[in-house]
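Colleague: Below is one structure. I have some questions about it.
FYI, it's all coordinate maths here, none of it is from the lab. As the structure is a prediction and not an experimental result, all values here were calculated from the model. When we count neighbours, we look across all protein chains shown, and the Cβ atoms used for this are built from the backbone with ideal geometry, even at glycine.
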Amino acid sequence: MTRELTVPELSLVVLIGVSGSGKSTFGRTHFRPTEVISSDFCRGLVADDENDQSATPQAFELLHYIAGQRLKAGRLRWLLYLPPTMSPVATSARPDLLEHPEQAFDAFRADGVDQVVCEEKHMGSRAVALVCSSLEAARTRFGAPGDQLGAVWTRTGRPFFSGEVTAQLVDRLRAAAETAGLFDELETPWLLLDAELLPWSVKAGRGRSRRR
């Protein structure tokens, strides 16, 4: 089965998947070597070992720098980072249960983690929100397509809402960040937020969710 993918000009394609799922092969097949920015490759440049997780912060700093330079050269419009999804725990040994906290604690214990913070989980839709403090900052750092102050994407990289609704949400996030003093405290003109939108049905029923 063959599928045709249309990639717009001046876009950032993010490949997400477990190790060995074919991300690197897909990148080599469909893009020029200069168009592929791999976190593993950057990790190898920093630590001489692509699997050295301790070098991940420096690797992503390098990755962001490279993407930023391509942005300044007019080859990107937004700088997008999508964090990986959570790793599921092992199947529960208890009857009639697929998962149980015991397996999660066993996994932490095996990795040498002796303290775990548990929080109540509210069912929401994963969202990544890019919020700039001003239009000037958005234009300087990201190109500001459509003179937007930011964007909101699903975990798969698709826009959550229409341009008008996105602009309203981003402006509310910007106002909240300014009120909280985040831009000043972090000394940055933009924020990238890994969040969840509530209720979980926001994608399926956008109109209903907006009225709540």
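Colleague: Roughly how many nanometres apart are two label points built 7 Å out from the Cα toward the Cβ at L198 and T179?
Modeller: Rounded to a tenth, the inter-label distance reads 1.7 nm.
Colleague: Can you work out the FRET efficiency for the pair T34 and D96, with r the C-beta to C-beta distance and R0 = 35 Å, to the nearest 0.05?
Modeller: Calculated transfer efficiency: 0.10.
Colleague: Taking the highest mean first, how do the peptides 170-177, 112-119, 49-56 order by number of other beta carbon atoms within 10 angstrom per residue?
Modeller: For the peptides 170-177, 112-119, 49-56, the packing ranking is 170-177, 49-56, 112-119.
Colleague: When a/c is below 1.5 the answer is rounded, else prolate if a/b is larger than b/c, else oblate, so apply that to the range 23-72 with a ≥ b ≥ c taken from the square roots of the Cα gyration tensor eigenvalues.
Modeller: Oblate shape, in that a/c is at least 1.5 and b/c is the bigger or equal ratio.
Colleague: Give me the one-decimal nm value for the distance between modelled label points at L15 and L45, 7 Å along each residue's Cα-to-Cβ direction.
Modeller: With each label point 7 Å from Cα toward Cβ, the separation is 1.7 nm.
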